[in-house]
1. Which numbered condition trips up A:S79, out of (1) under 19 Å from A:V142 (Cα atoms); (2) in contact with a Lys or Arg (Cβ under 7 Å, 6 or more places away or on another chain); (3) at the interface with chain E (Cβ under 7 Å from one of its Cβ atoms); (4) buried (at least 18 other Cβ atoms within 10 Å of the Cβ)?
2. Among the acidic types (D, E) and away from chain D (no Cβ under 13 Å), is that true of B:E97?
3. Are there any pairs with C-beta distances below 7 angstrom linking a residue in the range D:276-303 that is in contact (Cβ under 8 Å) with a residue 60 or more places away in the chain to a residue that is surrounded by fewer than 15 Cβ atoms within 10 Å (Cβ to Cβ) and basic (K, R), with the two at least 6 apart or on different chains, and if so which?
4. Does D:V227 qualify as being under 17 Å from the mean Cα position of the chain (by Cα), over 17 Å from D:E115 (Cα atoms) and not in a helix (DSSP H, G or I)?
5. List every residue pair whose Cβ atoms sit under 7 Å apart, with the two residues 6 or more apart in sequence or on different chains, where the first one lies in the range D:178-198 and is over 17 Å from D:E277 (Cβ atoms) and the second, anywhere, is of a type in the set (A, V, I, L, M) and assigned to a helix (DSSP H, G or I).
6. Can you pull out the helices (runs of 4 or more DSSP H) entirely within the range D:308-378 that have at least 2 residues that are under 22 Å from E:S104 (Cα atoms), within 11 Å of chain B (Cβ to nearest Cβ) and of a type in the set (S, T, N, Q)?
7. Just the residues that are of a type outside the set (K, R) and either surrounded by fewer than 18 Cβ atoms within 10 Å (Cβ to Cβ) or within 9 Å of chain D (Cβ to nearest Cβ) (or both), please, taken from the range B:28-46.
Amino acid sequence: MGYFGKVLSGFGSLLTGMRITFSQFAKTFFGRKNVTLQYPKEQPKLAPAFRSAIKLIRFEETGTHDCVACKACERICPSYCIKLSGGKVEGIKKKRVAEFEMDFSLCSLCGLCIDACPTDTLEYSKVYEEAGYNRDWRVDLVAEFREYEAEFVEKQRVIEEKAATAKKAKAEAAKKAKEAKKAKEAEKAKEAEAEAADTAEKPDTAEKPPALEAKPAKADAPAKAEVPTAEVPTAEAPKS
Amino acid sequence: MSKALLEVLEPFTSSSEESDYGATGIHRRHTTTLDNLARVCEAFLGAGYIFEMLSCIDLREKEEIMRLCYTFNSLETADRHLVHADIAGGLEAESFEAPSISSLARGADWQERETFEMYGVTFVNHPELERLLLPEDADFFPLRKDFGRIEDAEAQDD
Amino acid sequence: MPETLSQLLDDSVLAMPIAAGLIMGALTINVLMLVWAERKVSAWIQRRMGPTEVGPFGLLQTLADMLKLISKQLITPSNVDKPLFHLAPLLAFAPVIAAVALMPFSKSLILVQNDFGLLFVFAFGGIAVIAIFMAGWGSNNKYALLGAIRSVAQSISYEIPLILSALSVVLVVNAMGFTLASGGSIVVANGLDLSHIVMAQDQHGLWFVLVQPIAAIIYFISALAETNRAPFDIPEAESELVAGFHTEYSGMRFSMFFFAEYTNMLIVSMLAVVLFFGGWDGPVLPGPLWFFLKSYMVIFVMMWVRWTFPRLRFDQLMTFCWKVMIPLSILNLLATAFVVAVL
Amino acid sequence: MTNAVPPEATPGGGDGEVYSLNMGPQHPSMHGVLRLLLDLKGEEVVKAKPVVGYSHRAHEKMAENRNTLQFLPNTSRIDYLSGMIYNLGYCQAIEKILGIEVSERAVYIRVIANELNRISSHLLWFGTFLLDLGGITPFLYSFDDREEILDILDQVTGSRLTYCYGRFGGVTMDVDEDFLARTTAFLARIRERLGMYDDLVAKNVILRERCINVGVISTEMAKSYGVTGPSLRASGVVYDVRRAEPYGGYEKFDFDVPVLHEGDTMARFHIRISEIEESCKIIEQAIKGIPEGAILPKKMPKRFKIPEGEYYFAVESARGHFGMYIVGDGTDVPAKLKLRTPSFSNLSAMPEALAGTMLADTIAIVGSIDVVMPEIDR
Amino acid sequence: MGKVDKGDLGRFLPLVDRSATPVVDPRGAEVAADPAVVRLAILDDLLNMGRANSLWPLTFGLACCAMEMMAAGASKYDLDRFGAGVFRPSARQADVMILAGTISKKMAPVIRQLWDQMPGPKWAIAMGGCTIDGGPFKYPNQYAIVEGADKIVPVDIYIPGCPPRPEALIAGFLQLKEKIKAGRKFNR
């Protein structure tokens, strides 16, 4: 019986295999339900963390990116795919990037540049369906910000001037406050002598030491030099 | 670390010291000479250890040697021994010889071929010492320190 | 005797070319549909969609394949045995058409009325083996040679159970006999005549698959092996021998092998329908339609088997044939002979 | 198909009986770019000589040209099927050397990501192994499951295959409720699918004929060649780096190491399938016990200098014991980074395992060893 | 600092304006960007239509991108919808060579040999950064890899990414179909 038993059990296992494939066939054919994502018709639902080539973030406050061309990303990139140049812009203290070119065919999407960026102005773009006839996949990150650049520099100059004037004003206010304090002390000193003079006649009125006038709290830490935007008054919404 | 193994190893290793597994991942480090290598390997394999890895450090500039590093590990309890064997020879020495242990641990066969190809260390009485990874006509030893440095390429560019 | 199509054409000289043209047209359309069906069935089994972009439901997909294959460059490798290399696709392609001519599509619609049609079909089936061996040997490629050797061994050893299982049906037909509708007389049925087999089933309203279930299973399995399909597709085992015997063929030559394989599949399933599933007899629909519907069902089962099972190893294939299939078919034949003798 | 092999490259042959066949770097079941020079007598393999190196990308040389942080993207491309295990393994190695503290939550996230990656690697192996044996449909079923894992991991790491998810000290992105819910749903789905695969494949008589006592690797042979991972556990040795040298929080989870003693292809098949089950158990415990907390330390040093000395750190990848032997010389560029990859030793056992088998078995055995070529060629 | 997320999937803003580059057909026929320039015979259109819709790729994975190529062929992204699902193992029956993965120097002659073995109108898709110009493995003085597949075979379609998603491979196939039909859009 072993011989036929083996043949029959073997045959049984073949039938179970066919039952399973037919159940899958039925699900697709009769049940009209397959697992295919019809790409050109349906776009895939990309995860928010999806990584594609890096791009500069457009911040709401300034309406443009915040790259100061410090080349931290260029140094950290393992595949040498970032090349950027930029620096001082006449009229404002803040440095700006002029050329930011990134070769997406070299990039391994490791994200080290995004971690290394001091001003956190880099993020992943969501481009996933790039294919083309051309071998050159260099991406120009600053292209979309060029036309805002002049306007940004203008706004930045205004901000910095205001900041400068505000600092000057505060400096004078601080000076005035110092003189005023000196002047007050001078009067107090005179009154004190005057009182001392008449207390000399009636010693019983205990002299109340003038309440130590709280030294005017020095203006908060002098504004950090390099990021004036922090204290910028709310600029009007950028016409993006 | 079975004490028996240490006694057996004693005559063949010139120095052997404890190393803190927590930081380095190695229980014990030994140094031995080239001709004792085979017996050290036999001791380990006899005690049920397996040959885990063969690597080579190119110290020809600093210490005029090419250091072979073997690690043996036991499968039952984690017990990793690192064995150093140094081949004398400075930058200009063009051949480095070392005994092959592929007859004892078959796993060493390919690792020795790879070390030969990457560092130029020829293993004596190795069954078929040929290139493994590089193209057949490659005549350079890539992992040597003086080969293919980035600054050389940049020097050529500008 | 049912008039054949040629008598309809009153024996004019044109009868044969027209018949050949008809068969070629029918077969080409059939192969186009079969290849499309194979890709769609495999897609549905694998929960995906199969060709959908070309034509309404991807129906023109195989047409596009054929158009591409026609315009492909025909490469003849340098040190190749030229006569064998060029002849092999033709030889694989030709006998297949001849076999279709013998099939009884309906009581009257039969191209070549022949007393021993069954024998002819098996004979033409045998020629295909020579073609595959020529292809394998001719293309001077180790993979092709291995594939060819395997296919010869497989086809020869699986023809035996194929024929034995068909023989048991022939025995049953000879025993039963049947009355001709017109003549009303008991006619000694000639088991080898395909239309007689179908008429026997038609008269007694009893499909032979019920009479001979074991023979049907053996027939189906060895038919799979004959056409190098699925669990037995060892000659062109994709994962071992790259592409088996047609490794070196490109363009139209390759598509001839493709054509031959799918037409072989069609013939084998038509024969299965004739032998076991009662040919053209069916309640409402006209004869030929039933005939094609049944053979497409058999082809669907063949495709279903292909996309389910892994491949047998070569020596297992042989032991399975000689140790399981042939003893079983001989036992079945003896049992039928005994039952027929007793009745 | 490159059968036009230069004559001198094919050893043996010529005495009429034995001829040599070149299963070239481009072959449907050579798992990428492995090349086997087979000396065949008829269908039987007399001698097999694997030729490797067709995807040698100089990872170790690159490690000596880049600082420790810049080597991160390379790690997941050494073995792209268990890219997460390698990437996080490299981070754990450097953390151990530099003594960087990893928050409890990051440890749990790493365990979940590792085990998901191991399941996806085993599923891909299951598919390609069946493809080698001729069964095409299970390949697409297992890919369908694997796509689910890739989507789950894509949600957190942003990439599908070559992850760069680990940083020294933690992971780049936090895990939210949706991720955990999807993983739990996936666990239920894969367990039910494993039942279906068992019926469709493991019980199939053709497959059992093709796999049972085919390519038996004895325990001594496995130990002598340094075979590790599922192939070693199928030959009767209980060795799993997660159990032998616990790292990355694996000592917190209880899972058992499946072991079989036959050492044939069927044993390796069952080992990998039961390992998927074990990984599911680990993920379940990790999801239940995942604590709250930060995933990256606040202050990260600018440069990660490796102190003087030699370090060895091993992780259990889907294919076996992956060891990193790092020699530091005080700068942030390692003096030497040796990658002891499991498939390298597993494949070196092939010439002895393949001798005397049929041609079709050669494909089945190499498939059952689960070889990934760039991991061998580094 | 809130960021403005336009949310559109968008396309790269390429440094080089790619739309202007003419579609240079390596087989010599200068097919300018707008198809009206070259008047192809109807039969040629028909054959091109057939070729475009039945591109049989060669099973030929090199490294990580091969996994994404297999995923494109699998159920979820089903390459077979475009008639390109038939992966032919033998070079004689393949039309498209998808170079998926890093090309090492030892593999270069093999790729060239496979390319020569492929018959007739044949195309090549360079998938992934490594086949475009070296990808993450390109650094000065790299001794092991060939930086860019077009040093070996004439490449028609470049798909950047590391690895590119299966949708990008399908987009590459669609673009190759447009190229084969010489930019003529039949009533799709």
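The values are calculated or read from the model by the stated rules, or taken from the named source; none is laboratory data. Keep in mind the model is a prediction, meaning the values are calculated, not measured. Neighbour counts are summed over all protein chains in view; Cβ atoms, including those assigned to glycine, are modelled from backbone coordinates with ideal geometry.
1. (1)
2. So B:E97 passes the test.
3. D:C280/D:R191
4. yes
5. D:F179/D:I152; D:F179/D:V156; D:L180/D:I287; D:R182/D:I152
6. In the range D:308-378, the matching helices (runs of 4 or more DSSP H) lie at D:342-348.
7. Within the range B:28-46, B:T31, B:T33, B:L34, B:D35, B:A38, B:E42, B:L45, B:G46 qualify.
Conditions tested, residue by residue: (1) at negative phi; (2) facing another protein chain (nearest Cβ under 8 Å); (3) in contact with a Phe, Trp or Tyr (Cβ under 7 Å, 6 or more places away or on another chain).
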{"position": "E:C65", "(1), (2), (3)": "yes, no, no"}
{"position": "E:R81", "(1), (2), (3)": "yes, yes, no"}
{"position": "E:A84", "(1), (2), (3)": "yes, no, yes"}
{"position": "E:Q93", "(1), (2), (3)": "yes, yes, yes"}
{"position": "E:A100", "(1), (2), (3)": "yes, no, no"}
{"position": "E:R112", "(1), (2), (3)": "yes, no, no"}
{"position": "E:Q117", "(1), (2), (3)": "yes, yes, no"}
{"position": "E:I125", "(1), (2), (3)": "yes, no, no"}
{"position": "E:K138", "(1), (2), (3)": "yes, yes, no"}
